[in-house]
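Notes follow once the structure below has been shown.
What follows draws every value from the coordinates through simple rules; no lab data is involved. Predicted, not measured: the structure shown is a model, and the values here were computed from it. A quick note on method: Cβ atoms are made from the backbone with ideal geometry, for glycine too, and the neighbour counts reach across all protein chains shown.
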Amino acid sequence: MNIFNNWDIIPKGWYVTIPSQELVQGKIKSLDICGQRIVLFRGEDSKVKALDAYCPHLGTDLGIGKVDGNLVRCFFHHWAFDETGKCQDIPCQNFIPETAKTRGYATTEKYGFIWVYPELFPDKQLPDFDELKGREIVVSWDKAFTRKCHHHICMMNGIDVQHLQTVHKLDIKMELSVNRNFTTNIIDFTLKGELPFTTWRERMGRFILGEKYEYSMRYVDGCIGMLTIMKNVRFMPPLHMIYAYKPSSDKPPVSWRDRLAIIQPIYVTQKRSGIVGWLVSQILLLLTRLAYYTLKQEDGIIYDNINFNPKTILNIDRPLIQYINYVNELTPSQWSKNTK
């Protein structure tokens, strides 16, 4: 099955929705994600629940209803549903039909956002950065933006070594290593190289960072990219950034040329104690943001003007082929339009 660059297939994985701070206790919100209309609500236990948005009775959007304890109650006839999607109360009668249920989805909160899994029981948790595992973190983020192509195409940007030289004018020869974890659907691409020593900027970079440069791109389920730059350099800890991807939720009929990838950038660093520690963390988040801004516009020119259809593959493109093969081995979710 062709999953890569296929708008009809949504692989199982964690998809970003809204910042956690936007959904306070007792609040409810409907939104579109990956072509689905879902409702999020935070119950009295402070946990976020997610269901298909439309009531299985007569189809009213549950988002105009209200939170009742840990249930969501439909505005139309006041049917109440739990986090699994099962109806727990019908005010006009005591008997609840077996068909009085909708689909429920797993949720988690991490990196400042609410994430939804397109199944009730996820087979994995949101991943960590290796350098931050088990540590408290602080995050910041920018407003989500769009690109005029499938997000699988955008995701290859971090492992396209050629374009670092041709587009960004970074004269660094990179060696690639790949590590695949089949249990967690994670694939890690690590690139290492020696910083050049030609221009004054390159010499300054060598003086500050050292002779070697290394960065890694961790891909998860074809919808999350976790970038770590400034690895093993002098005077600076690694900088971490998440690209959370999802397809636009435009309804048919829409041509593929009109579809968009939605990208949510999230900047992450370790939480440090004290005023000085707070200041250091904020500076690192700012540096991560600036590093991203440096490359964002040039990359946007490419991915807003692309019809991906490779016909001539070079040896240097091997990481791209490995990524495509990885995506095509993912498992389609029930949000997919066609899994045959």
What's the whole-number percent of alpha carbon pairs in region 1-90 lying beyond 17 angstrom? 50 percent
Send over the per residue convex hull volume for the chain, Cα only, as a whole number of Å³. 151 Å³
For region 78-143, state which GluC sites (Glu not before Pro) are in a DSSP loop and have at most 11 other beta carbons lying within 10 Å of their beta carbon. GLU98, GLU136
Please go through the residue pairs LYS124/LYS192; LYS86/LYS133; LYS169/LYS271; LYS47/LYS143 and name each one whose alpha carbons sit more than 26 Å apart in this structure. LYS124/LYS192; LYS86/LYS133; LYS169/LYS271
Which residue fluctuates the most in the chain, going by a Gaussian network model with Cα springs under 10 Å, if the choices are GLN282, GLN297, GLN270? GLN297
When only C-alpha pairs under 8 Å and at least 6 residues apart count, what is the relative contact order of the chain, in percent? 21 percent
So which aspartates and glutamates can LYS212 reach, going by Cα to Cα under 15 Å and dropping same-chain residues fewer than 8 places off? ASP171, GLU175, GLU194, GLU202
Hey, which lysines would be in cross-link range of LYS148, C-alpha to C-alpha under 18 Å, not counting anything within fewer than 8 residues on its own chain? LYS246, LYS251, LYS296
Counting only complete DSSP H runs, which helices of the chain cover 18 Å or more along their long axis at the Cα atoms and score a mean Kyte-Doolittle of -1.0 or above? 274-303
What trypsin sites (Lys or Arg not before Pro) in region 56-147 are in a loop by DSSP, with at most 13 other Cβ atoms within 10 Å of the Cβ? LYS133, ARG135, LYS143
Could you please state, rounded to a whole Å, how far the C-alpha centre of region 1-53 is from the C-alpha centre of region 111-157? 13 Å
With +1 assigned to the C-beta of every Lys and Arg and -1 to the C-beta of every Asp and Glu, and no other charges, what is the dipole magnitude of region 6-144 about the Cα centre in debye, to the nearest 20? 200 debye
Quickly estimate the mean residue ellipticity at 222 nm for the chain, helices only: each DSSP H run with n ≥ 4 gives -39500 (n - 2.57), and the total goes over all residues, rounded to 500. -5500 deg cm²/dmol
Rank GLN322, GLN93, GLN36 by mean-square fluctuation in a GNM of the chain with C-alpha springs under 10 angstrom and give only the top-ranked residue. GLN93
